[in-house]
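A.B. asks: Before we start, here is the structure in question, set down as structure tokens.
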Amino acid sequence: MSREVWTFGLDDKYVIKFEQQGFFQNVKEWELWKDAEHGPAAKWLAPCDRISENGRILIMKRTVTASHRQYPSKMPAFLTDFKKENYGMLNGRLVCHDYGLSLVSNSGLTSRMKSVTWL
């Protein structure tokens, strides 16, 4: 919506997200990752590696496209925006790589799962 995403690094294991507008999605992703990275919710998120001081540039682990059968019928309640292009495979599991919009402020990093309809 408000960002450009490019592959980054010699081995293409990262993406770099450039935020143009000021919706602070890079900052929200960074903060959510830092809150989640050492707990059970981390397995659902593509890890963030670095962020610029002003939040306009974010470096995140790159995912690859998932096959139809790799999208589960239930996902954590703190995630939202279940468009398939917002998710991908990393280390053999489906993760969200676009979580600048989430429900974590409403539900916390809950382990509760909810049924989803993939778009």
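The values are calculated or read from the model by the stated rules, or taken from the named source; none is laboratory data. Predicted, not measured: the structure shown is a model, and the values here were computed from it. Backbone-built Cβ (ideal geometry, glycine too); neighbour counts: all protein chains shown. In case anyone asks, the SASA skips ligands and DNA or RNA and just uses the protein heavy atoms, side chains included. Shrake-Rupley method; radii C 1.70, N 1.55, O 1.52, S 1.80 Å.
A.B. asks: Express the carbon and sulfur contribution to the solvent-accessible surface of the chain as a percent, rounded to the nearest whole number, probe 1.4 angstrom.
C.D. replies: Numbers: 3710 of 7180 Å².
The nonpolar share, carbon plus sulfur, comes to 52 percent.
A.B. asks: Which loop GluC sites (Glu not before Pro) in the stretch 4-73, with loop taken from DSSP, have no more than 10 other Cβ atoms within 10 angstrom of their Cβ? Don't skip to the end; give the middle numbers.
C.D. replies: Values: sites: Glu4, Glu19, Glu29, Glu31, Glu37, Glu53; in loops: Glu37, Glu53.
Passing both the DSSP loop test and the Cβ count: Glu53.
A.B. asks: What's the FRET efficiency of Arg50 with Trp6 using the Cβ-Cβ distance as r and R₀ = 22 Å, to the nearest 0.05? All intermediate terms of the calculation are to be shown ahead of the outcome.
C.D. replies: On the way: r = 15 Å, r/R0 = 0.67.
The formula returns an efficiency of 0.90 here.
A.B. asks: Identify, among Gly88, Met60, Trp6, the residue whose Cα sits farthest towards the positive end of the charge dipole of the chain, taking +1 on the Cβ of Lys and Arg and -1 on the Cβ of Asp and Glu, with the dipole about the Cα centre.
C.D. replies: Gly88
A.B. asks: Let's see if you can work this out: charge +1 on each Lys and Arg Cβ, -1 on each Asp and Glu Cβ, no other charges. What is the dipole magnitude of the chain about its Cα centre, in debye to the nearest 20?
C.D. replies: Working: 17 positive and 13 negative charges, 99 e Å.
So the dipole magnitude of the chain works out to roughly 480 debye.
A.B. asks: Just to verify a number: what accessible area does Thr65 come out at with the full protein assembly present, 1.4 Å probe, Å² rounded to tens?
C.D. replies: For Thr65, the solvent-accessible surface is approximately 120 Å².
A.B. asks: Further, regarding this structure: For the stretch 12-97, what is the accessible area per residue in Å², given a 1.4 Å probe and the full set of protein chains?
C.D. replies: Working: 4710 Å² over 86 residues.
Computed with neighbouring chains in place, this is 55 Å² per residue.
A.B. asks: Students often get this wrong, so try it: which of (i) 14, 47, 34, 5; (ii) 14, 44, 29, 11, 2, 0; (iii) 13, 36, 30, 16, 5, 0 is P(r) over Cα pairs in 10 Å bins from 0, in percent as calculated from the structure shown?
C.D. replies: This structure yields the entry labelled (i).
A.B. asks: Let me ask you something else. Just to verify a number: what accessible area does Asp11 come out at with the full protein assembly present, 1.4 Å probe, Å² rounded to tens?
C.D. replies: Result for Asp11: roughly 90 Å² accessible.
A.B. asks: Next up: At what distance in nm do the modelled label points of Phe18 and Ser73 sit from each other, each positioned 7 Å from its Cα along Cα→Cβ?
C.D. replies: My value for the distance between the label points is 4.3 nm.
A.B. asks: Further, regarding this structure: Mind ranking Met113, Met60 by accessible surface for me, highest first, 1.4 Å probe? Mind showing how you got there, number by number?
C.D. replies: Working: Met113 75, Met60 0 Å².
Highest to lowest solvent-accessible surface, that is Met113, Met60.
A.B. asks: Another question about this same structure. For Cα pairs less than 8 Å apart in space and 6+ apart in sequence, what is the mean separation divided by the residue count of the chain, i.e. the relative contact order in percent?
C.D. replies: Numbers: 216 pairs, mean separation 30.2, N = 119.
Computed value for the chain: 25 percent relative contact order.
A.B. asks: Taking the dipole about the Cα centre of the chain, with the C-beta of Lys and Arg at +1 and of Asp and Glu at -1, give me whichever of Ser73, Ala41, Trp30 is farthest to the positive side.
C.D. replies: It is Ser73, whose Cα lies furthest towards the positive end.
A.B. asks: Continuing with this model, one more query. Take the chain, mark every one of the chymotrypsin sites (Phe, Trp or Tyr not before Pro) that falls in a DSSP loop and has at most 16 other Cβ within 10 Å, then report the longest stretch left between them, sites excluded. Don't skip to the answer; put the middle values down first.
C.D. replies: On the way: sites that count: Phe23, Phe24, Phe82, Trp118.
The reported range is 25-81.
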